[in-house]
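Visitor: After the structure tokens below, expect a handful of questions from me.
The values are calculated or read from the model by the stated rules, or taken from the named source; none is laboratory data. Note that this is a predicted model, so its numbers are computed, not measured. Neighbour counts run over all protein chains shown; Cβ positions are idealised from the backbone, glycine included. Only protein heavy atoms, including side chains, enter the accessible area calculation; ligands, DNA and RNA are left aside. Shrake-Rupley method; radii C 1.70, N 1.55, O 1.52, S 1.80 Å.
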Amino acid sequence: MTTIKQKIISDTYVGQLTQLQQDIINNFQKGFPLTNSPYLAIAQKLSSTQQQISEHDVFSALFDLDYSGVTSRIGPVFDHKKAGASTLAALAVEDKDLDKIASIVNQFEQVNHNYARSSHFEKTNYNLWFVVTASDPVTLHNTLTRIELLTGLAVLVLPMEASYHLDLAFTMNITGKPSPIVNNNLNIRIAKTQPLTELQKSQLRKTIESGLPKLLQPYQTIAQAINANEQQVLAQIATWQQTGLIRRFGLVVKHRKLGFNANAMVVWNINSENVDAVAAKLAKRPEVSLCYRRPRRLPGWQYNLFCMIHGTDKDYVLAQINEITEQLSLADIEKDILFSFTAYKQKGASYQKNKSLQEKKEAAHG
């Protein structure tokens with residue numbers, strides 16, 4: 001078995017984080033304001049009698065976070081089952097070929113995350129892990145097939161079978177001063193307005209997938225682009241949140257930039273009769289940010305329960321995993337821990353179909 005002994009690379013921005021930036025991150029990874037002037041709304045929520053914050057203060061703070069790569073976008077995180085088709089996938093790559101194979105995988109628009117991971121217990125050769133999203137199962141299948149053809153490697157395909165906990169919002173205290181909680185009321189209000197046409201809905205989804213435009217009044221610009229009015233856009237986004245198509249709407253951060261460099265994917269081989277009960281317990285642990293069931297692919301892949309744990313230190317994450325294992329009586333269950341050490345790609349998922357056959361061919365061949 002090929003063993004990867006590479007150090008987890010830190011590319012942190014936390015030493016430069018201002019109090020305002022920390023407060024925005026801690027409050028608006030969910031519930032980004034659906035209003036004409038969202039940055040003004042954030043400023044009003046964060047202002048106090050001791051400090052008045054302006055709309056431009058908030059916009060500038062977020063612009064700097066975006067410029068520094070801390071945030072990948074401000075926008076929706078879609079429920080992949082409702083938005084289209086998606087799967088986790090992996091390749092077993094020779095160490096010397098990792099960068100080359102990763103670049104081939106990255107050519108595909110449908111690939112939105114791509115990480116190199118190493119097995120802590122040296123139990124598996126699968127070391128390149130990526131997420132593929134598409135408009136439908138056929139497009140997803142075709143993308144995976146083309147990846148196999150171009151890399152010459154068999155893809156391990158692990159679609160989600162059940163989700164128990166999905167929340168990648170990070171809370172931190174870098175400045176030494178805890179952030180006030182000012183955005184815990186996420187009630188969604190839907191204004192009465194003329195609904196968008198199906199074409200406009202498709203255009204809106206495609207527009208916001210990559211994030212809101214970097215303008216003080218982003219929804220107004222989006223409305224103009226799809227020949228609608230601002231209230232229609234706001235109402236449609238609110239409806240998608242209420243129906244669950246959008247799981248959360250707000251800042252999408254890059255955890256490594258915030259010091260969360262120890263990214264562990266813990267995989268468990270749990271008896272099928274017990275997997276739901278164990279998953280329910282894991283999902284309640286504060287250390288666990290994601291928990292989901294995926295299929296076994298015997299004989300090469302025997303694990304069926306996945307959970308993600310993010311931390312600033314690898315040893316601390318391992319200690320957390322040991323504590324979880326002991327407290328939930330999981331010591332006798334086979335597991336592996338895969339730490340990421342290189343992030344090759346991280347962007348928002350794209351579920352909309354390409355506009356033309358030619359664009360599909362270009363995506364397939366890079």
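Visitor: Taking SER60 as the residue in question, decide whether it is within 25 Å of MET172 (Cβ to Cβ), at pLDDT 95 or above and not in a strand (DSSP E or B).
Guide: yes
Visitor: Quick one: ALA191 ticks every box in (1) at pLDDT 90 or above; (2) open to solvent by less than 70 Å² (accessible area, probe 1.4 Å) except a single one, so which number is it?
Guide: (1)
Visitor: Taking only the range 121-164 into account, find how many residues are of a type in the set (Phe, Trp, Tyr) and either under 16 Å from VAL111 (Cα atoms) or touching a helix residue (DSSP H, G or I) at 6+ places or on another chain (Cβ under 6 Å) (or both).
Guide: Qualifying residue count, the range 121-164: 3.
Visitor: Considering only the range 120-139, state which residues are open to solvent by 20 Å² or more (accessible area, probe 1.4 Å), in contact with a strand residue (DSSP E or B) (Cβ under 6 Å, 6 or more places away or on another chain), farther than 15 Å from ASP97 by Cβ and not acidic (Asp, Glu).
Guide: HIS120, PHE121, LYS123, VAL131, PRO137, listed by residue number.
Visitor: In addition: Residues to consider are ALA154, ALA169; find the one that is at pLDDT 90 or above and either outside any strand (DSSP E or B) or in contact with a His (Cβ under 8 Å, 6 or more places away or on another chain) (or both).
Guide: ALA154
Visitor: Listed residues VAL70, VAL93; which is at pLDDT 95 or above and in contact with a helix residue (DSSP H, G or I) (Cβ under 7 Å, 6 or more places away or on another chain)?
Guide: The conditions single out VAL93.
Visitor: For the subset of the range 43-53 comprising residues that are of a type outside the set (A, V, I, L, M, F, W, C) and within 19 Å of GLY31 (Cα to Cα), which member is surrounded by the most Cβ atoms within 10 Å (Cβ to Cβ)?
Guide: Among residues in the range 43-53 that are of a type outside the set (A, V, I, L, M, F, W, C) and within 19 Å of GLY31 (Cα to Cα), the one surrounded by the most Cβ atoms within 10 Å (Cβ to Cβ) is LYS45.
Visitor: Of all the residues that make up the range 194-251, how many are open to solvent by less than 80 Å² (accessible area, probe 1.4 Å), outside any helix (DSSP H, G or I) and in contact (Cβ under 8 Å) with a residue 24 or more places away in the chain?
Guide: 15
Visitor: Sticking with this structure for a sec: Please pick out the residue among VAL93, VAL111 that is crowded, with 22+ Cβ neighbours inside 10 Å and under 27 Å from ARG247 (Cα atoms).
Guide: VAL111
Visitor: Also, quick follow-up: With respect to the numbered conditions (1) among the basic types (Lys, Arg); (2) within 28 Å of LEU258 (Cα to Cα); (3) open to solvent by 20 Å² or more (accessible area, probe 1.4 Å), which one is the sole condition not fulfilled by ARG117?
Guide: Going through the list (1) among the basic types (Lys, Arg); (2) within 28 Å of LEU258 (Cα to Cα); (3) open to solvent by 20 Å² or more (accessible area, probe 1.4 Å), ARG117 breaks only (3).
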